[in-house]
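S.K.: My structure is below; once you've seen it, I'll send some questions.
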Amino acid sequence: MMNRRSLLQGLSLSILSATMGVSPRHGEAEDAPEVGDQPVTSADRLRIAVIGPGSRGKELIRQFLRVPGVEVVAVADVYELRFLQVNELVGKAVPAYKDYRQMLERRDIDAVVVASPPLFHAQHVIDSIQSGRPVYGEKTMGFTEEDNYNIVNAVTQSGQIYQVGHQNRYAPWFQEAIRRIHEGEIGEPTHVYAYWFRRDNWRRNVPDPNLEHLINWRLYRESSGGLLEELGSHQIDVANWIFGEQPQTVLGSTSIVLYNDGRTVGDNVQAILGYSKGRRMIFSSLTDNAFMGDQLWVYGTNGSVQLTVEDATFYGSIHHTITGSDHTDAVRRGVKTGASYNYAADDEMPYRGPGKRIDARKAEDPTLTACRSFVHCVRTKTQPVADVRVGFGSAMACTTGKNAVFEGSMKNVPQWKPPAA
Ligand SMILES: NC(=O)c1ccc[n+]([C@@H]2O[C@H](COP(=O)([O-])OP(=O)(O)OC[C@H]3O[C@@H](n4cnc5c(N)ncnc54)[C@H](O)[C@@H]3O)[C@@H](O)[C@H]2O)c1
């Protein structure tokens, strides 16, 4: 039954969908748990195959297996060690293929999960779609501009279901916070500052030097867009959601501060993404200091919101601990600094107060909700919230943005265009 909250969420989704140019989609937090609650019949059985069951692929297998009716019937990977790991995870021998094309010839596959590195996404996603299967495709959707357009064309021409791995779209506290932002609670959102800080060299252990590029693909430009693509893509997706559009420009910068170990991507990245009406997203990622963690700040003309992996907090009007009245005229005269710094204006050094928090610590893992929602979309033949256009918006910012970052330049981001007929 639809209560007021889901009605409002539905409305906000419709408004958002209209601004993004798509029809309403499935995937709201309140919808998804119902999917798992429904009784499972043999008709609900959903047999999935996974291409690239590495770190993320195994996590997706773990989550998909929590959705009633889902079975993992086959996996494909160029690295055979994965097959043993998958068998251990699933608890039985899963048919395994070194060539994913052979796997796609099986007749018992209902949907495909693509969790290979981004360099191969277009090939794996398009072949899976052309084999007649819906696809859950990890981000970042494509690796090149051409990949992004090719995936869009394959999905739209086939009418097939494609869901991109931007699980924040399924996080109830993101949905609620962004609904309130769209309703004007912080005025006009003009800036999104996104931080993804880690204390981690980003390097994986390699049992054989010949496997360096297969295992540490993230560290090399020929197979990775670095921190912008790997981490920033999630946050760019959130900024796109907030602003209701994809960015038009990207200005980038990177360097290596700590990890001079042969990698060709930077160990810190800064990017400024330009949206219409002068709005900006600022992305900053460090790997030598985890202080800021993974969080976004949304600044509006009448308030601010902090979005983290476990909550969202709204800050409205500013409360001051130090006000003009705390200072004598003599002190004020003594620190006169003109327009560059002005205590008396009460705007500098504000105490922002405790804020109003949407606590999400009890919410289920958004990746599980995203998997549930994908299963529901396949069963009901509906398009997901995190659809191909969502995937395109962040992917194009990254495929263009990584070159801006590597070159230290500014680039125009190719825009969504009606798919080829
Ligand atoms: N949504 C998220 O939060 C999230 C989190 C982590 C990773 N990811 C994404 O998931 C993808 C995989 O990342 P990962 O950390 O699991 O990488 P990984 O290296 O651990 O796993 C990738 C797997 O693909 C296999 N592979 C490589 N080339 C292949 C090919 N040509 N054909 C078939 N298999 C191939 C590798 O052997 C490996 O098993 C990336 O796109 C990454 O951005 C998403």
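S.K.: Return the subset of Lys92/Lys139; Lys356/Lys417; Lys139/Lys417 for which the Cα-Cα distance in this structure is over 31 Å, preserving the input order.
M.R.: Over 31 Å Cα-Cα: Lys356/Lys417.
S.K.: Mind jotting down the three principal axis lengths of the range 59-102 based on Cα atoms? Whole angstrom, largest first.
M.R.: Principal-axis extents of the Cα atoms in the range 59-102, largest first: 29, 20, 16 Å.
S.K.: Above 15 Å lies some portion of the pair distances; for the range 223-281, what is it as a whole percent of all C-alpha pairs?
M.R.: Of all Cα-Cα pairs in the range 223-281, 53 percent lie more than 15 Å apart.
S.K.: Which percent of the accessible heavy-atom area of the range 142-204 goes to carbon and sulfur, probe 1.4 angstrom?
M.R.: C and S fraction of accessible area: 41 percent.
S.K.: Still on this structure: What is the diffusion coefficient of the range 202-319 in µm²/s, taking the Kirkwood radius over Cα pairs and the Stokes-Einstein relation at 20 °C with a viscosity of 1.002 mPa s?
M.R.: It diffuses with D of about 132 µm²/s by this estimate.
S.K.: Could you tell me what percent of the accessible area of the range 253-304 is made up of carbon and sulfur, with a 1.4 Å probe and every protein chain present?
M.R.: Its accessible area is 54 percent carbon and sulfur atoms.
S.K.: Using only the Cα atoms of the range 133-259, each taken as one equal point scatterer with no solvent, compute I(q) by the Debye sum, divide by I(0), and report log10 of the ratio at q = 0.13, 0.14, 0.20, 0.22 Å⁻¹.
M.R.: At q = 0.13, 0.14, 0.20, 0.22 Å⁻¹ the computed log10 ratios are -0.74, -0.85, -1.35, -1.42.
S.K.: For the range 89-215, report the accessible area per residue in Å² (1.4 Å probe, heavy atoms, rounded to an integer).
M.R.: So the range 89-215 comes to 43 Å² accessible per residue, rounded to a whole number.
S.K.: In the range 40-197, with Lys and Arg counted as +1 and Asp and Glu as -1 at Cβ, which of these residues, Val67, Asn153, Leu119, has the Cα nearest the positive end of the dipole, that is, farthest along it?
M.R.: Ranked along the dipole, the leading option is Val67.
S.K.: Let's test this: bin the Cα-Cα distances of the range 101-171 at 10 Å from zero up to the farthest pair and state each bin's percent.
M.R.: 22, 55, 22, 1
The values are calculated or read from the model by the stated rules, or taken from the named source; none is laboratory data. No experiment lies behind these values; they were computed from the predicted model shown. Here the Cβ is made from the backbone with ideal geometry for all residues, glycine too, and neighbour counts use every protein chain on show. Accessible surface is based on the protein model in full, side chains and every heavy atom, while ligands, DNA and RNA are left aside. Shrake-Rupley method; radii C 1.70, N 1.55, O 1.52, S 1.80 Å.
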